[in-house]
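The values are calculated or read from the model by the stated rules, or taken from the named source; none is laboratory data. All values reported here derive from a predicted model rather than from experimental measurement. Positions of Cβ are generated from backbone atoms using ideal geometry, with glycine treated the same way; all protein chains shown enter the neighbour counts. To get the accessible areas, we keep the full protein, side chains included, count just its heavy atoms, and leave off ligands, DNA and RNA. Shrake-Rupley method; radii C 1.70, N 1.55, O 1.52, S 1.80 Å.
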There are 2 protein chains.
Amino acid sequence: MANPVLPSSGVLSPLGLDAVRISPGFWGDRVALNREVTIAHCREWEEREGWIGNFRGEGPRRGREFSDSEIYKLLEAMAWADHPDLPELAETVARVQEGDGYINTRWSGSRYTDLEWGHELYCYGHLIQAGVARLRMHGEDRLTRVATRAADHVCRRFMEGTETCGHPVIEMALVELYRVTGVERYLEMARRFVERRGLPALADIPFGRGYFQDDVPVRQAQVFRGHVVRALYLASGVVDVAVETGDEELLKAVEAQWERTVARRTHLTGGMGSRHQDESFGEDYELPPDRAYNETCASIASIMLAHRLLLATGDVRYADLTERTLYNMLATGVALDGRSFFYANPLQVRVPAVPHDGVNHAAEGGLRSPWFDVSCCPNNVARTLASLPAYLATSGADGVRIHQYTPGEISHGDLRLRVETGYPWDGTVTVRVLEGGAGRISLRVPAWASSATLTYQDHETRAVAPGYADVEREWRAGDALVLELPMEPRWTYPDRRIDALRGCVTVERGPLVYCAESVGDEPPLAEVAVRPGAPLTEHARGEVVELETEAVLGASPAGPWPYRDRPHGWNGGPAAALRLIPYHRWGNRGPATMRVWLPVAD
Amino acid sequence: MANPVLPSSGVLSPLGLDAVRISPGFWGDRVALNREVTIAHCREWEEREGWIGNFRGEGPRRGREFSDSEIYKLLEAMAWADHPDLPELAETVARVQEGDGYINTRWSGSRYTDLEWGHELYCYGHLIQAGVARLRMHGEDRLTRVATRAADHVCRRFMEGTETCGHPVIEMALVELYRVTGVERYLEMARRFVERRGLPALADIPFGRGYFQDDVPVRQAQVFRGHVVRALYLASGVVDVAVETGDEELLKAVEAQWERTVARRTHLTGGMGSRHQDESFGEDYELPPDRAYNETCASIASIMLAHRLLLATGDVRYADLTERTLYNMLATGVALDGRSFFYANPLQVRVPAVPHDGVNHAAEGGLRSPWFDVSCCPNNVARTLASLPAYLATSGADGVRIHQYTPGEISHGDLRLRVETGYPWDGTVTVRVLEGGAGRISLRVPAWASSATLTYQDHETRAVAPGYADVEREWRAGDALVLELPMEPRWTYPDRRIDALRGCVTVERGPLVYCAESVGDEPPLAEVAVRPGAPLTEHARGEVVELETEAVLGASPAGPWPYRDRPHGWNGGPAAALRLIPYHRWGNRGPATMRVWLPVAD
């Protein structure tokens, strides 16, 4: 059961890395690149930055107070990928663990003196997640013993009292360790951490307690708020606790918070986070394209949360958001060569990067960075891609559900299926039965697919509505189900309450958000408008489908004052063909400007 | 010559507090309130916070590393206001000065070890400005000697080498001290500080050197950038250096930077600063109404800079921006009771304040705060209002120019004039000659006044274009000039490149920007649209002119996902009367939402 999340109950059960094998294709290529390139890239940078050296006691400690956690995230990635370097790196880490299980290269002499910002429990959380991955992929070893001893230390130190950590993640880590070991104190510790939050459990800080979700108890909150990664990691742990303790009220609370957040605080790409200042959600409908923060890690946290809610409820909306976030955030966060990363993922970039010595440490302006002072994103990408097959399909009382489409094989009971597809470029998904058996096969029809059809063998093709399309029968080898998803490009408009997108439209095709990218300011994206409803012509460029539409270019120069007594539109500007590329492909041609949302020409 | 800025050359010379007397009226009332209430309010808070106590050595030092500067800004306000508390407060400060002139309550033991963030030279700058004010209003005393000794210390310590301060202000302070004392080393020191910047002179920081304008030399910069207050204080000092050294190239460089900044990086209110993260300018056309930072201090810095450029060049555009900034930023920064302040001045507020114990320390959501941990704004307001008459009128080779209209008297040579007006509510400005003499009287016709007229005695009324309307003659007591400015409310539209304002309009009347304010969410400003061109009815509420127009309310509920396959407009929503108030009046009725820019109903 090689799974990052393995609840003991819920509507759906995940099919893990042992049941889902991914083949070359959109995600298969990325998973392979991650295993072959990105994991080694992260290892190399963590050595270079001295963060691994901190565990060897080399010289003065380097890196931020939470840098240990980067090594743990990488260890988790290595565990899922069965990477040969894991034992040696785990051995390096293990040497720092103290007799009582405490382990931290920064705070050893002053344990738990700064729970708001110290990140000690946060680091344990990632260590324990790495340990859980190793237990499920390999079984007990040095790493899993280190993780378990750390968890035992946490239970001894924090079971009583009112304390918690400024950065959640320990909650979901402890529940998963409970799931894999059956040791109930881990669950109880996680439950207490969840219930303490918002009483409050932490000191006030200049950003306010909402920053680390300590402003109100979890059960009373109406929406996700504050630091996005913190909020979504916490909510993931809350779902885990709710599921394992049968706490329906708690689960419903998170569902309601998720619902409002998705309806009002989520960018079209699935990205979350509108403020740079404190890496936080903005207010309802505060969704600026240019200053969107949309941290890559936040999208990973959103996938972790949506996956848990999907397993608990079986509600397709969670799989829909996961698809959107996978294709438009996770795939965007890492370059095509697997060696550089976006930290923030805005939907509009006005100024191209000016790299120094070829490196763009801010990863802004269309140029990803190989590394960051705070390098959560690369390691988070690595551990997520290493475990990606676990997010694609589930089993339930009634059979197999396939939520995300990419070439590969799925086994469940007697049934063995092969998924064949050119998705997301092509809308045909064929599920071929390799080995038969009884049961239902359910295929997700995405919310955007308003005219999908399903064909079983020589039966009649039938229309299938968004949700899950089911076929139940005694399957025989050679049987095939063909789902046809409509891949016509679509013009998409924002809710009128999103002030920052007023007067703009964009284009989607299948699960992909598109954007205009400009290298060398050609075309000048500050002066482009489009006519929604105009033809969108498809152009294949290799496997990638690009689009073209007719745009209008602004023609008048800027005045001395940018406000005037009459409307300032595009009328009279020259027409020009505008190329649109999938958002996740942007920033692979060097410094560039970009915009997802395009003004409507008047 | 009681003036904060007194250049030795330039097209115009300022008329100072000794030549301009302000009477009750829009500004006269505020100047009086400042003298009677705000100065004491600041003094009281600086005692309460322990920042004055730091000078008495009371207990552990309190406040931020730059808190000394708040006392100095207050001393400057007291100097301009001839406040009786000044000598005692100056005495308290003086006791801390060391033998060589060094004075700082924070860094005494570790002088100049952190020029990037230490603010020592910044504090001197404000001390010297206070000293200059005192010299000009009163003559030499304890305060002026402390300031001069500090300046001498700076010259000894920094004349050679490459160092400067992370926060500019020392530059303009030293030039003014040179102007009042004639001691040339102060000018030379200021010149060197200006020329060092951008070579670079400071270490790099996470925000990048652009934050403190150390990214490129001043002469090479194209636009103001980085931290707004730093950028505008520096530019003010650069103008001062350019004027005193006859450096035309340097002056032209600042003029060009100002021009691009006003054309592309300035909010309708005159506010500058689009980012909270580093209190900085955004990129060109990055002007979000909701996340506009528009620090009150930045508007004061902008007035300081525009005034210097006006004196140097005589160009009316600088006086135009000053008017806009005075009425829509300075007047907004302080509450009607003179006891609470905005720090940031956004043009849209979605969520009303939730005060704790009646106080709203963030000063967001329509509720000003009596004080801040970083309390530059209240003190800056105090010193600016205390010296406000010096910004209203100038003399030149050819006579008197009146740039800002408020009731008062102006003397120059033999000429004595009285300004009578209900401006900005009423558009009639009468300039009455109390004592006669020869020369020209020039009245500024604001850029927005497209149909102004001027009448001299029984002569024919003539149309006057934006710029300066001149009448030259031998004036006799009893003569009167009447300027009529058109006060019809105007619909104003944004440049199409301002993405954050697309599809919106607003209303101005005279120099005032208007906004919709909602207390108790009535009307719900998230769902209001207007029809530009619709009637704008005036309603007098006391002296204040409010406006009313017909709006459309959105009627449909929010969906589960805020993006859709068709436009989402206001059609079909119910009509409602929408009241508009002057922006500077908002936030005087308790927690509220507000918006300046209103969506256009489709």
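Summary of computed values
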{"quantity": "Karplus-derived HN-Hα couplings along segment B:186-198 (A = 6.51, B = -1.76, C = 1.60, θ = phi - 60°), whole Hz, x at Gly and Pro", "calculated": "5, 5, 4, 4, 4, 4, 5, 4, 5, 6, 6, 4, x"}
{"quantity": "Accessible area buried at the B-A interface, both sides summed, 1.4 Å probe (Å², nearest 100)", "calculated": "4700"}
{"quantity": "Within segment B:493-602, trypsin sites (Lys or Arg not before Pro) in DSSP loop having at most 16 other beta-carbon neighbours inside 10 Å", "calculated": "B:ARG589"}
{"quantity": "Pseudo-label separations to other copies for B:GLY520 - Cα-to-Cβ vector, 7 Å, nm", "calculated": "6.2"}
{"quantity": "Cβ-Cβ FRET estimate between A:ALA558 and B:LEU336, R0 fixed at 35 Å, reported to 0.05", "calculated": "0.40"}
{"quantity": "Under 5 Å, built H, 5+ apart or other chain: amide partners of B:HIS403", "calculated": "B:ALA393, B:THR394"}
{"quantity": "Given charges at beta-carbon only (K, R positive; D, E negative), |dipole| of segment A:179-335 in Debye", "calculated": "140"}
{"quantity": "Amide H contacts under 5 Å for B:ARG509, placed H, 5+ residues apart", "calculated": "B:ARG490, B:TYR514"}
{"quantity": "Debye, to nearest 20: dipole size of chain A, +1 on Lys, Arg Cβ, -1 on Asp, Glu Cβ", "calculated": "400"}
{"quantity": "Test item: A:264-277 mean partner chain Cβ contacts at 10 Å", "calculated": "2"}
{"quantity": "Distance between modelled label sites at B:GLU36 and A:THR162, nm, 7 Å Cα→Cβ extension", "calculated": "4.7"}
{"quantity": "Cα gyration tensor, the protein assembly as shown - rounded (a/c under 1.5), prolate or oblate", "calculated": "prolate"}
{"quantity": "Paramagnetic reach from B:ARG48 in segment B:332-358 [backbone N under 11 Å; point 7 Å along Cα→Cβ]", "calculated": "B:340"}
{"quantity": "Euclidean distance between Cα centres, segment B:354-428 to segment A:222-272, Å", "calculated": "48"}
{"quantity": "Karplus 3J(HN,Hα) series, Hz, for segment B:393-404 with 6.51 cos²θ - 1.76 cosθ + 1.60 (x for Gly, Pro)", "calculated": "9, 9, 10, x, 4, 9, x, 10, 10, 10, 9, 10"}
{"quantity": "Filtered GluC sites (Glu not before Pro), segment B:33-105: DSSP coil and at most 13 other beta carbons within 10 Å", "calculated": "B:GLU58, B:GLU98"}
{"quantity": "Relative contact order computed over segment B:13-391 (Cα-Cα under 8 Å; 6+ residues apart), in percent", "calculated": "17"}
{"quantity": "Dipole of chain B [Lys/Arg +1, Asp/Glu -1 at C-beta], most positive-end residue of B:THR332, B:VAL528, B:ALA40", "calculated": "B:VAL528"}
{"quantity": "A:VAL464 long-range amide H proximity, modeled H, under 5 Å", "calculated": "A:ALA452, A:THR453, A:LEU454"}
{"quantity": "Label-point separation, B:GLN277 to B:HIS138 (7 Å along Cα→Cβ), nm", "calculated": "4.5"}
{"quantity": "Distances in nm from B:ARG566 to the matching label points in the other copies, shortest first (labels 7 Å along Cα to Cβ)", "calculated": "3.4"}
{"quantity": "Helix-derived mean residue ellipticity, 222 nm - over chain B, DSSP H n ≥ 4, -39500 (n - 2.57), to 500", "calculated": "-9500 deg cm²/dmol"}
{"quantity": "Cα shape, segment A:490-599, gyration tensor, a/c 1.5 rule", "calculated": "prolate"}
{"quantity": "For segment B:508-525, 3J(HN,Hα) per residue [Karplus equation, 6.51 cos²θ - 1.76 cosθ + 1.60, θ = phi - 60°, Hz, x = Gly/Pro]", "calculated": "10, 9, x, x, 9, 8, 9, 8, 9, 10, 10, 9, x, 6, 10, x, x, 5"}
{"quantity": "Signed unit charges on C-beta, dipole axis of segment A:490-599, positive-most listed residue A:PRO511, A:ILE581, A:PRO567", "calculated": "A:PRO567"}
{"quantity": "Segment A:13-391 shape via C-alpha gyration tensor axes, a/c threshold 1.5", "calculated": "rounded"}
{"quantity": "Accessible solvent surface per residue of chain A, calculated while the other protein chains remain in place, 1.4 angstrom probe, Å²", "calculated": "33"}
{"quantity": "DSSP bridge pairs, the protein assembly as shown: antiparallel proportion in percent, nearest 5", "calculated": "95"}
{"quantity": "Distances in nm from B:GLU259 to the matching label points in the other copies, shortest first (labels 7 Å along Cα to Cβ)", "calculated": "5.8"}
{"quantity": "Selected from A:MET137, A:ALA173, A:VAL154, residue furthest toward positive end of dipole (segment A:110-188; charges at beta carbon)", "calculated": "A:MET137"}
{"quantity": "Net dipole in debye of the protein assembly as shown [+1 Lys, Arg Cβ; -1 Asp, Glu Cβ; about Cα centre; nearest 20]", "calculated": "20"}
